[in-house]
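Notes follow once the structure below has been shown.
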Amino acid sequence: MLSHVSVMLEECLDALKVVDGGIYFDGTLGGGGHSCEILKKSSPNGRLFATDLDDYALQRAGERLKEFGERFTPIKSNFKNFKQIKEEYHIEGFDGILLDLGVSSFQLDDRSRGFSYLSAEEELDMRMDRNNPLSAKVIVNTYSQEELKNIFSLYGEERFSNSIAKNICLERQRKTIETVGELNAIIEKSIPAKFKKDGHPSKRTFQALRIEVNGELDGLYETILDMARGLKKGGRLAILTFHSLEDRIVKRAFKELETDCICDKSLPVCVCGKKKEINIITKHPILPSEEELSKNSRSRSAKLRIAEKI
Ligand SMILES: C[S@@+](CC[C@H](N)C(=O)[O-])C[C@H]1O[C@@H](n2cnc3c(N)ncnc32)[C@H](O)[C@@H]1O
C-alpha cells in the first residue's frame, strides 16, 4: 500500500493554533495526514473543508476521515478557487488555512502516474487531475522549441534547457515521445557528462514539466492574498513549499500583505489607502528538524511560512 508521511506535522498544527470549534481549510488534502490531525485537535465541534485535484487522494482521504462525519467536507477543486468555495459554503472567515504544496508520495510512487523519472516504462503524464487535457506527453510533443526551453529554464532552473528542448524537437520528428524512459534518454544526451554529478539528470526537467502540466505557479500569488483575506482576525495561514520558485512567491505575497501605506513620505496624508493585513510570524521559514530529515527524505527541501491576520 502506497503512503504519504505528512511533512512538519507538529509544526503545521502549532502554526494553525487549532482549537475546538474552529473552521479550517486544507487546500492540499493529499493523504489526509494534516487534515486528520486538524480534525482531531478541533474536536468535538471544529470543521474542516479540504480540496484536492486528485480523485484518488479524495477517495483515500475520504475513507480515512469518514469517522469525522459532517465535520469534514472534501471538495474536488483547485485550491485556487478558494474565494468561490468560501462563498459557496457561506464561511465568514477561516481560523486556519494550510497549503502543503506539490505532489504527495503516493502520486510520486504510483509509477503509472508518470510523475517520477524512475518510472521508465510509463507514459509521460504527471497530471494531478486526470481530467486535465494537458499531460507531459502533450507538452513534450506539441510545444515549440522556444516554449520548451523557457519552461525548463524557468520552472526547472535547468542550465541545459536549450539543448534539451532542441533534442526533444529533433527526436519527435522521428517519432512521438511516449514514455518517461524515452525522455530520460534525450535529457541524458543533452547534458555534458561533467554536469551530471548533481543528482539525476532528469530531475529539473521533470520538475518543470510537472509545474507546467498542473499550472502549479499560475495564480498562486493571488490565491495567497485571497486566503489571507479569507481569515478571521487572528486566523493563521501556513504554507509548506518544496522548491525556491514556490517559496519566493509565498515570501513576496506575505510581504505585500504585511506592507502598510506606500505613499511618498513627503505627502502629509495617505492617499494610497494600503493597509497592513497580516503579521508575518516566520521572519525566516521553519525547516524540518534533524530527526524528521533522518526519517523522511522527502521533507528535505521543505520550508514552512506562517502569517496571522490582523
Ligand atoms: C504534498 S500533498 C499533501 C499531503 C497532505 N498534506 C498529507 O498530509 O497527506 C499535495 C496534494 O495537493 C494536491 N494539490 C496540489 N496542487 C493543488 C491545487 N492547486 N489544488 C488542489 N489540490 C492540489 C495534490 O494532488 C496532492 O494530493
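Close contacts from segment 161-177, counting a first residue that is in contact (Cβ under 8 Å) with a residue 40 or more places away in the chain and a second that is outside any helix (DSSP H, G or I), with Cβ to Cβ under 8 Å and a gap of 6+ residues or different chains, come to 164/158; 164/191; 177/124. So in segment 1-34, with the set limited to residues that are more than 15 Å from residue 106 (Cβ to Cβ) and part of a helix (DSSP H, G or I), which one is farthest from the ligand (Cβ to nearest atom)? The residue in question is 14. Yes or no: residue 238 within 16 Å of the ligand (Cβ to nearest atom), without any contact (Cβ under 8 Å) to a residue 40 or more places away in the chain, farther than 23 Å from residue 130 by Cα and buried (at least 21 other Cβ atoms within 10 Å of the Cβ)? Answer is no for this residue. Note on segment 47-122: enclosed helices (runs of 4 or more DSSP H) holding 3 or more residues that are near the ligand (Cβ under 9 Å from one of its atoms) and under 20 Å from residue 207 (Cα atoms) are 105-109.
Checked across segment 273-286, the condition of being touching a Cys at 6+ places or on another chain (Cβ under 6 Å) and either in a loop (DSSP other than H, G, I, E, B) or assigned by TED's automatic domain parsing to the domain that holds residue 25 (or both) holds for at least one residue. Filtering segment 65-85 to residues that are touching a residue at least 60 places away in the same chain (Cβ under 8 Å) and surrounded by fewer than 16 Cβ atoms within 10 Å (Cβ to Cβ) leaves only 83.
Is it the case that residue 246 is touching a residue at least 40 places away in the same chain (Cβ under 8 Å), more than 24 Å from residue 28 (Cα to Cα) and either out of contact with any helix residue (DSSP H, G or I) (no Cβ under 7 Å at 6 or more places or on another chain) or surrounded by 13 or more Cβ atoms within 10 Å (Cβ to Cβ) (or both)? No, not satisfied.
The values are calculated or read from the model by the stated rules, or taken from the named source; none is laboratory data. These figures come from a predicted structure and were not determined experimentally. Note that each Cβ is placed from the backbone with ideal geometry, even for glycine, and that neighbours are counted across all protein chains shown.
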